[in-house]
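Okay, structure first, notes after.
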Amino acid sequence: MHKVGIANQKGGVGKTTTARHLSFTAMERGLRTLVIDLDPQANLTRTMLYRLMMNADETLMRARSVNWDSIQLPAIAPDSSAHLLFMSGQEPRPMSIAPGVDLFAGSDDLIEVLGWPLDCTQHARSALNRLDDQYDICVIDTPPTMSNLLFAGMICADYLLMPCDLDKDATSGLLDLTQKAQIIAENFNPDLELLGVLLNKVNKRRAYDQTERITLRQKWGDAVLDVELQERSATKLAKEHPVWKSPRGDSDRRAAAEMRSVCESLFKRIGL
């Protein structure tokens, strides 16, 4: 199982959007896919639960957008909450979302983990290792704060992907995150590799973005992926379906092509 952890200590940089589309791509390829949502906000979980609803109601397949406040999502299976991964003596089991696609769900229960000793992350690592032969890929979404939950994403992963917009707060945090990843690799997870920095919400018409792109590529070299995501509303709004599903205009089609390119590039890098 190839385990991809997606992390940045700043919110709104595209972590969950990237996690969604890696999961969608894996589904379309027929890969045995495990999705883990370590963010108490549980946005990735809501997407997966909506996919579960789609199995029972084909009209949802054609929905362009969803008002999350107006629908009743399926309940999380009691033994499928992601916080159980961090507890000794537990045997959490991911809930089935679709054939070959399972989920450890995010919820408010993860807030408890924030106050637990860092050693609890080893329980999660061991739990995933026991599932290693059951899946081809595992996608791990993490919260936008330096915490046990973000560290757990790196401790459990084989690869670390860092989505990043060109805001100074996001770019300046990359060095700190990579330093933390190095500590994780040296002390907890020697298998951890940097998959790359994914530039997101790029506006090629904005002079600041152009300058910052050049600066980042000079500073980080090959660690910055050749593929990147432009600032497009279609990408931002793609929550219940992949952005390439039924694009309606030129901007949607460009957003779809960019995301396809990113996902294909990342899958190639990890050998899938």
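Relative contact order for segment 2-270 using alpha-carbon pairs under 8 Å, separation at least 6, rounded to a whole percent? Mind dumping the intermediate values first?
Details: 479 pairs, mean separation 69.4, N = 269.
Dividing the mean separation by the residue count of segment 2-270 yields 26 percent.
Quick one: what does P(r) look like for segment 180-270 with 5 Å bins over all Cα pairs, in whole %?
Histogramming segment 180-270 at 5 Å steps yields 2, 12, 18, 18, 18, 14, 10, 5, 2, 0 percent.
Roughly what % antiparallel, to the nearest 5, for the DSSP beta bridges in the chain? Kindly include the intermediate steps, with their values, before the conclusion.
Numbers: 3 of 29 bridges.
That works out to approximately 10 percent antiparallel.
Please list 3J(HN,Hα) in residue order for segment 222-237, calculated via the Karplus relation 6.51 cos²θ - 1.76 cosθ + 1.60 where θ = phi - 60°; whole Hz, with x for glycine and proline.
Couplings: 5, 5, 7, 5, 5, 7, 8, 10, 7, 6, 9, 5, 4, 5, 4, 7 Hz.
Is segment 160-207 best put as rounded, prolate or oblate by its Cα gyration tensor, with a ≥ b ≥ c the root eigenvalues, rounded for a/c under 1.5, and otherwise prolate when a/b is larger than b/c, oblate when not? Intermediate results must be reported in sequence, preceding the final value.
Numbers: a/c = 5.30, a/b = 2.41, b/c = 2.20.
Note, shape of segment 160-207 comes out prolate.
Filter the cross-link list Lys180/Lys204; Lys236/Lys268; Lys15/Lys180; Lys168/Lys268; Lys180/Lys268 down to pairs whose alpha-carbon distance in this structure exceeds 21 Å. Please report the intermediate quantities before stating the final value.
On the way: Lys180/Lys204 31 Å; Lys236/Lys268 24 Å; Lys15/Lys180 18 Å; Lys168/Lys268 30 Å; Lys180/Lys268 26 Å.
Checking Cα-Cα distances, Lys180/Lys204; Lys236/Lys268; Lys168/Lys268; Lys180/Lys268 exceed 21 Å.
Could you tell me how far the Cα centroid of segment 136-182 sits from the Cα centroid of segment 208-272, in Å?
Segment 208-272 and segment 136-182 have Cα centres spaced 18 Å from each other.
Listed highest first by mean packing, meaning other Cβ atoms within 10 Å per residue, what order do 101-114, 218-231, 254-267 come in? Intermediate results must be reported in sequence, preceding the final value.
Details: 101-114: 20.2, 218-231: 15.4, 254-267: 18.7.
In decreasing order of mean packing, 101-114, 218-231, 254-267 become 101-114, 254-267, 218-231.
Please list the non-local residues whose amide H lies under 5 Å from the amide H of Cys138, H modeled 1.01 Å from N, same-chain partners needing a gap of 5 or more.
When sequence neighbours closer than 5 places are left aside, the close amide H contacts are His2, Lys3, Val4, Leu34.
Could you quote the convex hull projected area for the chain, Cα atoms only and averaged over all directions, in nm²?
Working: hull surface 55.6 nm².
Projected area, direction-averaged: 13.9 nm².
Any read-out appearing in this document is the output of simple, stated calculations on the displayed coordinates, not a laboratory observation. Computed from a predicted structure; not experimentally measured. With ideal geometry, Cβ positions are generated from the backbone for all residues, glycine too; neighbour counts draw on all protein chains shown.
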